[in-house]
1. Report the relative contact order of segment 74-150, percent, no decimals, based on alpha-carbon pairs under 8 angstrom and at least 6 residues apart.
2. Between residue 69 and residue 125, 0.36 nm times their residue separation minus their Cα-Cα distance comes to what?
3. Using only Cα atoms, what is the ratio of the radius of gyration of segment 56-150 to 2.2 N^0.38 Å?
4. When you count, for each residue, the other Cβ atoms within 10 Å and take the mean per peptide, how do 59-72, 88-101, 118-131 rank with the highest first?
5. Please order 149, 136 by the number of other Cβ within 10 Å, starting at the fewest.
6. How do 108-114, 140-146 rank on mean C-beta neighbours within 10 Å, highest first?
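Taken together, the values in this text are just the output of simple stated rules run on the coordinates, not laboratory data. Treat the numbers as computed from the prediction; the structure is a model and nothing was measured. Here the Cβ is made from the backbone with ideal geometry for all residues, glycine too, and neighbour counts use every protein chain on show.
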């Protein structure tokens, strides 16, 4: 006896009463979207961090997939020393560095990538890293013999 006919259900849905009666989940979702939106807006109202200019960004894969002995870890540490020695840590020629556990290549590592050029180097050891810093990062000449990919190529 407590069941509504198909016509009565359609009428409730059309009038919105069915939605209002059982829509606590929908109201909660709408409230959550509203709160998330205004949280984002208020986050944007805060002062944004300031970035000093830099010329390039170098990423070193430090994970174990492309280099099972994780040779990228000491390379990443050595990169800071080489950048300092080359005078590339400050000023408009500054080179930022970042490490990542995976660049998605998963072989031929350690892998080093230089942006904005999008030049990918494979099999990087300390000697090659020194060449990359001296030739590519300092002088602007890509070490062609070690490149295995270029962004957009």
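1. On the way: 73 pairs, mean separation 22.0, N = 77.
Relative contact order here is 29 percent.
2. Values: separation 56, 0.36 × 56 = 20.16 nm, distance 1.24 nm.
Net length gain for the segment: 18.9 nm.
3. Numbers: Rg = 12.0 Å, N = 95, 2.2 N^0.38 = 12.4 Å.
Relative to the rule-of-thumb radius for its length, segment 56-150 sits at 0.97.
4. Details: 59-72: 19.6, 88-101: 14.6, 118-131: 17.4.
So the order, starting with the most tightly packed, is 59-72, 118-131, 88-101.
5. Values: 149 14, 136 23.
Least to most surrounded, the residues fall as 149, 136.
6. Values: 108-114: 23.1, 140-146: 13.0.
Packing proxy ranking, top to bottom: 108-114, 140-146.
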